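The values are calculated or read from the model by the stated rules, or taken from the named source; none is laboratory data. Keep in mind that what you see is a predicted model, and the values were worked out from it rather than measured. Note: ideal-geometry Cβ built from the backbone for every residue, glycine included; neighbour counts use all protein chains shown. Surface accessibility is based on the protein's heavy atoms, side chains included, excluding ligands, DNA and RNA. Shrake-Rupley method; radii C 1.70, N 1.55, O 1.52, S 1.80 Å.
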Amino acid sequence: MIRVFLIRHGESESNAGLPSADSDSIPLTAAGHRQAGQVARVIADVPALIVTSPYLRARQTAQPTISRFPAAACQEWPVQEFTYLGDLHGRASTTREREPYARAYWDRADPRSASHGAESFAGLISRTTDFLSRLSAQETGPVVVFTHGLFMRAVAWSLLTGVTAPGQDQMRGFRGFANRFLIPNAGVMELRQTDNGAPALLG
């Protein structure tokens, strides 16, 4: 059995209400750096693999763990946050300012919509499917994955529903699920994979 720990990044400047322009370059706050250190201290077993999102806040959260376990293999996988508001790309805005745009996006519930180069919901689910396939090929553990809240919820939803090609109803279903399944900064979600089996959400 291989244990997989998905860890949401520590508090970022965007989480703290500060404006941000590009999702990939948002740094941690001082509190987020403290959370990253706490995560590293509570990991009990030496990871066989440390995976990180390419986004700065996830890489910063991973760094204390990478430093504590220098012998662990480290890889960057496409487990970044779901960034779907292409109309706002490059424009500094706060989470509150983005709320009406986000609400309109989810109300449309078009899984193929990807304005101005943003990712579609179908693309997000494709990434979760790829992620789970990569985990299935992993022969040793534990695996520690530093990622993001919506991606973690998409992984959980994919495992619970088995949906790989979402339509409008499935996208609405995910929205309801994500609104109820909240994951705090530095929160952990555990998966377990048995021999010759797909990863399963630990209940």
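Quick notes on this structure:
- Residues satisfying the stated conditions in the stretch 1-10, i.e. buried (at least 22 other Cβ atoms within 10 Å of the Cβ) and not basic (Lys, Arg): 4, 6, 7, 9, 10
- Condition broken by residue 51, with the remaining ones in (1) modelled with pLDDT of 95 or more; (2) open to solvent by 50 Å² or more (accessible area, probe 1.4 Å); (3) not in a helix (DSSP H, G or I) satisfied: (2)
- Of residues in the stretch 79-92 being at pLDDT below 95 and of a type in the set (A, V, I, L, M), the one surrounded by the most Cβ atoms within 10 Å (Cβ to Cβ): 88
- Options 83, 61; residue that is within 18 Å of residue 143 (Cα to Cα), among the polar types (S, T, N, Q) and in contact (Cβ under 8 Å) with a residue 40 or more places away in the chain: 61
- Residue match in the stretch 112-125 (condition: among the basic types (Lys, Arg) and part of a helix (DSSP H, G or I)): no
- Yes/no for residue 95 being within 21 Å of residue 154 (Cα to Cα), open to solvent by 30 Å² or more (accessible area, probe 1.4 Å) and under 14 Å from the mean Cα position of the chain (by Cα): no
- If you check 62, 16, 36 for being surrounded by 15 or more Cβ atoms within 10 Å (Cβ to Cβ), part of a loop (DSSP other than H, G, I, E, B) and of a type in the set (Gly, Ala, Ser), only one passes: 16.
To keep it simple, each residue is scored yes or no on (1) surrounded by fewer than 20 Cβ atoms within 10 Å (Cβ to Cβ); (2) more than 26 Å from residue 25 (Cα to Cα); (3) of a type outside the set (Ser, Thr, Tyr).
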| position | (1), (2), (3) |
| --- | --- |
| 139 | yes, yes, yes |
| 146 | no, no, yes |
| 150 | yes, no, yes |
| 157 | no, yes, yes |
| 162 | yes, yes, yes |
| 167 | yes, yes, yes |
| 173 | yes, yes, yes |
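- In the condition set (1) among the acidic types (Asp, Glu); (2) closer than 23 Å to residue 179 by Cα; (3) free of Cβ contacts under 8 Å to residues at least 40 places away in the same chain; (4) surrounded by 13 or more Cβ atoms within 10 Å (Cβ to Cβ), residue 76 is compliant with all but (2).
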